[in-house]
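To start, the structure itself, in C-alpha cells.
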Amino acid sequence: MIEKRVNNIIDVCGLVAKILLESGAETTRVESTIAYIGQAAGINLNCHATMTAIFISTESGSTTHLVKPNVSSFNLQKVDEINTLSRQFSAHEIDFNELERKVHIIDHRVIDFTWTQKIIGAGFVSVAPMLLFKASWTDLALAFFVGILGYLASQWGNAHSTAPYLSAIVGGLVISLLATLLQYFGIADSAANIMISSLMPLVPGVPLTNSLREIIDRDILSGLVRGVDAIMIAGSIGIGAIVGSFIAHIMTGGV
C-alpha cells in the first residue's frame with residue numbers, strides 16, 4: 001500500500017515536471033518544484049531534469065521514473081498554474097488527490113490566447129522598437145502591419161511544415177521582403193528600421209532568458225542546449241531576412 005502511494009506520487013511529480021519543462025520553465029525550477037512536492041508529501045525525492053529527459057527517484061528506493069519531454073514551444077500560463085498548485089500543496093491548503101486532479105486538468109487543457117489577441121500583440125511588439133529609432137509616424141504604422149504579416153507567415157510555416165526553424169525563416173523572409181518593397185515604392189522612409197522592429201515578435205526571448213538563467217545557476221548542459229536553440233532561431237530569422245532582401249532586389253530590377 002505504501003509502495004503504491006509512493007509510485008503514485010512519483011507519477012504525478014513526473015507529469016508536473018513534464019508540464020513545466022515543456023511549457024518553458026528552467027530546469028532548476030523543475031527540480032525545486034518536485035523537491036517541494038515530495039517534501040510536502042512526506043517523501044524525499046531526487047529529481048534531475050535536462051532538456052531531453054527527466055529522472056525522478058526516492059532516496060531509499062531503487063526505482064527511477066523516467067519522463068521524456070518534448071520541448072518545442074512554451075506556455076508560461078501553465079508554468080504559473082503549476083507553481084500555484086505546488087505552493088498550495090506545500091502549504092497544505094490542498095491534499096494530494098486535489099493536486100493530482102488539477103495537474104491532469106492543466107495537462108489536458110489548451111491554454112492559449114485568441115488569434116485576435118496574438119495578432120494585435122504582434123503588432124504592438126513590432127511598434128515598440130520604433131520609438132527608440134525616433135521613426136516617422138508612417139514607419140511606425142507600417143511596422144505594426146508588417147510585424148503582423150511576418151508573425152502570421154511564421155505561424156503558417158509552423159502549421160504546414162514539421163521542419164525545425166522553417167517558421168522563423170518564413171517570417172524573416174516576409175518581413176524583409178515587405179520592408180524593402182515599401183521603401184522602394186517610396187511608402188516607407190527606412191526599410192532597416194521597419195525590418196528590425198517587425199522581427200521582434202519572432203525573437204526567441206524565452207529560450208535565451210532561460211539559457212542565461214541556467215548557465216548562471218551552474219546548470220551548464222541545459223543552458224547550452226537552450227542557448228544553441230535560441231541561436232539557431234535567430235540565425236534562421238537572419239537567413240530569411242537575407243533571402244527576402246535578395247528577392248526584393250531581383251523584383252525591383254537590382255535597384
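The values are calculated or read from the model by the stated rules, or taken from the named source; none is laboratory data. Bear in mind that the values here come from a model prediction, so they are computed numbers and not experimental data. Heads up, the Cβs are rebuilt from the backbone with ideal geometry, glycines too, and the neighbour counts pull from every protein chain shown. In case anyone asks, the SASA skips ligands and DNA or RNA and just uses the protein heavy atoms, side chains included. Shrake-Rupley method; radii C 1.70, N 1.55, O 1.52, S 1.80 Å.
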Lone qualifier among Ser197, Ser176, Ser161, Ser190 - being under 23 Å from Trp137 (Cα atoms), out of contact with any Phe, Trp or Tyr (no Cβ under 6 Å at 6 or more places or on another chain) and at pLDDT below 90: Ser190
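Just the residues that are open to solvent by 50 Å² or more (accessible area, probe 1.4 Å), closer than 24 Å to Ser198 by Cβ and in contact (Cβ under 8 Å) with a residue 40 or more places away in the chain, please, taken from region 211-233.
Met232
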Exclusive hit being open to solvent by 60 Å² or more (accessible area, probe 1.4 Å) and not charged (D, E, K, R), set Ile169, Ile187: Ile187
Test set (1) over 15 Å from Leu178 (Cα atoms); (2) open to solvent by 30 Å² or more (accessible area, probe 1.4 Å) - Met130 fails condition number: (2)
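Tell me, which residue of region 211-255 that is among the basic types (Lys, Arg) and part of a helix (DSSP H, G or I) is farthest from Ser72 (Cα to Cα)?
The selected residue is Arg213.
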From Glu81, Glu98, residue being closer than 18 Å to Ala40 by Cβ, among the charged types (D, E, K, R), in contact with a helix residue (DSSP H, G or I) (Cβ under 9 Å, 6 or more places away or on another chain) and crowded, with 17+ Cβ neighbours inside 10 Å: Glu81
Identity of the residue in region 208-228, within 15 Å of Leu21 (Cα to Cα) and of a type in the set (Asp, Glu), that ends up modelled with the highest pLDDT: Glu214
Positions within region 21-35 being of a type in the set (A, V, I, L, M), closer than 14 Å to Phe89 by Cβ and either crowded, with 24+ Cβ neighbours inside 10 Å or modelled with pLDDT under 90 (or both), in sequence order: Ile34
